[in-house]
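The values are calculated or read from the model by the stated rules, or taken from the named source; none is laboratory data. Quick caveat: nothing in here was measured; it's all calculated off a predicted structure. Here the Cβ is made from the backbone with ideal geometry for all residues, glycine too, and neighbour counts use every protein chain on show. To get the accessible areas, we keep the full protein, side chains included, count just its heavy atoms, and leave off ligands, DNA and RNA. Shrake-Rupley method; radii C 1.70, N 1.55, O 1.52, S 1.80 Å.
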Amino acid sequence: MRAPSAHREVHLSQRSNWLRAAVLGANDGIVSTASLLLGVASSGASRAAILTAGVAGLVAGALSMAAGEYVSVSSQRDAETADLAVERRELRDDPAGELRELTGIYQRRGLSAELAGEVADALTRHGALEAHARDELGLEEPRRARPLQAAQASALAFSAGAALPVLAVAIAPAAARVAVTVIVTLAALTALGDLGARLGGAPRLPATVRVVVWGAIAMAVTAAIGALVGGVT
C-alpha cells in the first residue's frame, strides 16, 4: 500500500504580503506612466520629449513606490514588534493571568472550559509567545509584515507595468501614438485586473472592470490637462 502523500494547503491570504504590493505597483506603473505620456503627447511634444518623460517617470516611480512601501510596511512591522514586546512582558510578569486569557479565547471559540484549559496549557508549554501572538494578536508568521519583500515586489511590478506604455510610444508611428498607447494600456490593465483577481481568489469580472475604469479615467483627465496646458503655452 502507498503511504499517503503529504498535503500542504497554500491559502490565498498567505500571498497578501507581496500580492498587494505587486498589484498596486503594476497598476500604478501602467496608469501613472501612461497618463504622463498621454499628457505630454497631448501638449504637442516631440517623441524624444515624450520618451524622456516616460523613462524618467518609470525610474522615479519605481524608486518612489519601493521607498513608500518600505516605510509603510516598516511602520506596520514596528507596531507588530511592539505588540509582541508587550505580550512578552505580560507573560513574564503574569503567566497565570495570560494562561487564563488564552483559555478564555478558546472558550469563546467554542471549546468547553475543560478542553480550552488543556489546549491553552499545552500550547503555553510548547511556546507561550507564539500561541498568544497567533490567537490573541492575530500575528501569524506567514502573514507578518515584510518591508523588503513589499518594496521589491512594488518596484519590480511598477517597472514592468510602466515599461508597457513607454514601449508603445517608442514603437508606434507619430500619427497613432496616442491611440496605440491607450489600447496597450487598457489591455494591460485588463490583464492585470484579471491576474490580480485570480491570484487573490476574488471575482474576476468586477476586479477587472474596476481596474480598467479607474485607469481610463486617470488617462482621460491627464490627457485633457496636457492638451490644455499645451494650448496655453
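Of all residues in region 199-216, those that are touching a residue at least 40 places away in the same chain (Cβ under 8 Å) have Cβ atoms under 8 Å from Cβ atoms of residues that are surrounded by fewer than 13 Cβ atoms within 10 Å (Cβ to Cβ), 6 or more apart or on another chain, in Leu199/Leu12; Gly200/Leu12; Gly201/Leu12.
On the stretch given as region 41-81, residues that are touching a helix residue (DSSP H, G or I) at 6+ places or on another chain (Cβ under 6 Å) and of a type in the set (S, T, N, Q) total 3. Every condition in (1) at pLDDT below 90; (2) among the aliphatic types (A, V, I, L, M); (3) open to solvent by 50 Å² or more (accessible area, probe 1.4 Å) holds for Leu84 except the one numbered (3).
Of all the helices (runs of 4 or more DSSP H) wholly in region 101-211, which have at least 2 residues that are more than 30 Å from Val86 (Cα to Cα) and open to solvent by less than 60 Å² (accessible area, probe 1.4 Å)?
On the way: elements: 113-135, 147-171, 177-200.
Correct list: 147-171, 177-200.
From the list Arg198, Arg143, Arg210, Arg204, the lone residue that is over 30 Å from Tyr106 (Cα atoms), within 20 Å of the chain's Cα centre (by Cα), modelled with pLDDT under 85 and not polar (S, T, N, Q) is Arg198.
Given the condition touching a residue at least 60 places away in the same chain (Cβ under 8 Å), of a type in the set (Gly, Ala, Ser) and out of contact with any strand residue (DSSP E or B) (no Cβ under 9 Å at 6 or more places or on another chain), answer yes or no: does some residue in region 113-127 qualify?
Taking every residue of region 113-127 in turn, none turns out to be touching a residue at least 60 places away in the same chain (Cβ under 8 Å), of a type in the set (Gly, Ala, Ser) and out of contact with any strand residue (DSSP E or B) (no Cβ under 9 Å at 6 or more places or on another chain).
Of everything in region 33-52, what is more than 17 Å from Val182 (Cα to Cα) and assigned to a helix (DSSP H, G or I)? Give them in sequence order. Answer for region 33-52, where residues must be more than 17 Å from Val182 (Cα to Cα) and assigned to a helix (DSSP H, G or I): Ala48, Ala49, Thr52.
When region 18-33 is examined, which residues are found to be at pLDDT below 90 and open to solvent by less than 10 Å² (accessible area, probe 1.4 Å)? Within region 18-33, Ala21, Gly25 qualify.
Every condition in (1) over 19 Å from Ala145 (Cα atoms); (2) in a helix (DSSP H, G or I) holds for Ala79 except the one numbered (1). As for region 39-49, it holds no residue that is open to solvent by 50 Å² or more (accessible area, probe 1.4 Å), of a type in the set (Gly, Ala, Ser) and within 26 Å of Thr208 (Cα to Cα).
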